[in-house]
1. Picking from 227, 206, which residue would you name as being part of a helix (DSSP H, G or I), buried (at least 16 other Cβ atoms within 10 Å of the Cβ) and modelled with pLDDT of 90 or more?
2. If residue 188 satisfies every condition in (1) part of a helix (DSSP H, G or I); (2) farther than 24 Å from residue 299 by Cα; (3) in contact with a helix residue (DSSP H, G or I) (Cβ under 9 Å, 6 or more places away or on another chain) but one, which is the exception?
3. If residue 46 satisfies every condition in (1) surrounded by fewer than 19 Cβ atoms within 10 Å (Cβ to Cβ); (2) modelled with pLDDT of 80 or more; (3) closer than 27 Å to residue 134 by Cβ but one, which is the exception?
4. If you check residue 284 against the conditions, is it touching a residue at least 40 places away in the same chain (Cβ under 8 Å), within 15 Å of residue 355 (Cβ to Cβ), surrounded by 15 or more Cβ atoms within 10 Å (Cβ to Cβ) and assigned by TED's automatic domain parsing to the domain that holds residue 342?
5. Mind checking whether some residue in the range 82-89 is assigned to a helix (DSSP H, G or I), modelled with pLDDT under 80, more than 26 Å from the chain's Cα centre (by Cα) and more than 18 Å from residue 124 (Cβ to Cβ)?
6. Would you confirm, using the coordinates I've provided, whether residue 150 is outside the structural domain of residue 18 (by TED's automatic domain parsing), at pLDDT below 85 and either in a loop (DSSP other than H, G, I, E, B) or within 29 Å of the chain's Cα centre (by Cα) (or both)?
7. Which pairs turn up if I take residues in the range 237-248 that are at positive phi and look for partners that are outside any strand (DSSP E or B) with beta carbon separation below 6 Å, at least 6 apart in sequence or on another chain?
8. For residue 263, are the conditions met, namely being at pLDDT below 90 and in contact with a helix residue (DSSP H, G or I) (Cβ under 6 Å, 6 or more places away or on another chain)?
């Protein structure tokens with residue numbers, strides 16, 4: 001039975017090259033190929049959007065697209081359609097790079113043989129099909145593994161908690177004195193229980209991250225405080241191994257726009273890892289500074305004098321469930337999730353993480369976090385040109401407790417609920433909910449920045465009050481709240497003012513107003 005003809009899209013602006021390719025197709029068996037020819041990338045994208053194509057022959061030099069950009073645009077428009085690039089004799093390096101970007105093959109114009117063309121097309125289609133099937137199978141296997149591990153983790157938690165409780169009861173001598181051997185065995189058991197608990201926690205954390213259920217609350221986060229606190233908490237572990245653990249923070253490092261709980265989690269994982277792979281008398285150090293390559297970020301580096309990382313492993317170590325080969329120094333292995341968790345957490349806070357190393361000379365794991373800047377947060381709102389005079393409504397929500405917070409957990413949950421309510425009341429994607437701005441003890445302030453007028457400020461303020469009135473957490477914990485707004489006028493950009501200067505001026509005005517709101521409360525609490 002005759003097969004369905006292959007639908008081929010040829011994207012080529014050279015009339016001579018296109019004619020030669022058409023002649024090659026005409027010599028094939030009638031009905032085996034249907035060739036559609038376009039000369040521009042814009043036309044190719046329209047055909048790709050319609051679907052029904054089996055393969056694309058793409059010239060890398062077009063009037064409206066050049067080089068790898070054309071490859072990326074074609075793949076973005078139709079990721080399921082295999083691609084062969086057409087290139088000149090001098091552009092083989094670019095063609096090699098295109099294959100790394102996902103092209104199935106490349107053909108050099110002027111050197112294509114009649115019989116080689118259809119064979120190249122069919123091979124490219126088959127390779128693409130096999131790759132797609134392999135990727136799908138791998139995805140399904142990972143999904144099944146994730147579901148299994150998540151289920152097992154939840155089921156193990158309860159019996160493990162019971163075992164931990166009974167072992168600690170015995171070690172504390174609540175059920176009688178222990179002889180030295182019994183105590184030694186129970187301490188070994190407790191150590192293994194803690195390691196198993198750590199593995200279970202990692203599994204549950206990965207599950208939450210992939211399901212989008214992990215809460216990340218970006219706010220002003222003191223990097224020096226977190227580094228010093230984490231290093232101090234791990235000093236005993238380092239000393240027990242005979243390792244020197246220290247930190248070096250430049251004076252310019254202040255507050256990042258990040259989640260402090262998550263940053264501490266990242267630091268603990270990376271430092272634990274460094275201590276694990278560093279031998280006795282080794283050195284582990286945390287450095288923090290402004291990132292030279294991009295001054296909008298802080299750079300945090302954890303270096304060690306351990307065994308180092310093999311070059312072929314540098315990219316793999318952040319993959320889920322990846323475990324480095326046994327070096328004899330790391331002791332019992334974990335599940336290969338720690339660095340993957342770090343990568344997910346850093347990425348979701350707007351940063352980047354990477355590693356570098358020379359085998360036998362230790363490793364340096366680095367990550368970046370955005371520096372907190374009011375100007376950076378409000379820039380999108382002020383890039384929109386408006387015909388009317390600009391004004392800024394600063395909506396202020398004050399949350400407090402006359403009798404004191406019931407617990408830290410209650411305070412955190414109340415804060416989360418208030419922020420969720422505020423987000424639902426924001427009228428535009430360009431409105432900005434500022435992070436926590438240094439509240440006084442017992443009081444927390446929330447600020448929404450909206451480029452709007454009096455009517456807009458009232459339109460945000462009223463529903464905020466209504467939503468807070470119906471907030472269960474606030475009612476249950478007997479918290480007090482108030483909602484108001486301040487209008488900051490003269491927010492227009494002058495004719496000779498750069499966008500950067502304009503946004504900086506608006507940010508300064510917003511910060512001054514925030515300070516005016518917070519300062520009286522802070523002075524009152526200090527008295």
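1. Details: 206 fails: modelled with pLDDT of 90 or more.
Unique residue meeting the criteria: 227.
2. The failed condition is (3).
3. That leaves (3) as the condition not met.
4. Numbers: touching a residue at least 40 places away in the same chain (Cβ under 8 Å): yes; within 15 Å of residue 355 (Cβ to Cβ): yes; surrounded by 15 or more Cβ atoms within 10 Å (Cβ to Cβ): yes; assigned by TED's automatic domain parsing to the domain that holds residue 342: yes.
Yes: the conditions hold for residue 284.
5. Looking only at the range 82-89, we keep the residues that are assigned to a helix (DSSP H, G or I), and these are 89.
Pick out the ones that are also modelled with pLDDT under 80 and you get 89.
Okay, now just the ones that are also more than 26 Å from the chain's Cα centre (by Cα), so 89.
Subsequent filtering for residues that are more than 18 Å from residue 124 (Cβ to Cβ) retains 89.
Yes: one or more hits.
6. Working: outside the structural domain of residue 18 (by TED's automatic domain parsing): yes; at pLDDT below 85: yes; either in a loop (DSSP other than H, G, I, E, B) or within 29 Å of the chain's Cα centre (by Cα) (or both): yes.
Yes: the conditions hold for residue 150.
7. Every condition considered, the pairs that remain are 242/280; 242/281.
8. Numbers: at pLDDT below 90: no; in contact with a helix residue (DSSP H, G or I) (Cβ under 6 Å, 6 or more places away or on another chain): yes.
So residue 263 fails the test.
The values are calculated or read from the model by the stated rules, or taken from the named source; none is laboratory data. No experiment lies behind these values; they were computed from the predicted model shown. Neighbour counts are summed over all protein chains in view; Cβ atoms, including those assigned to glycine, are modelled from backbone coordinates with ideal geometry.
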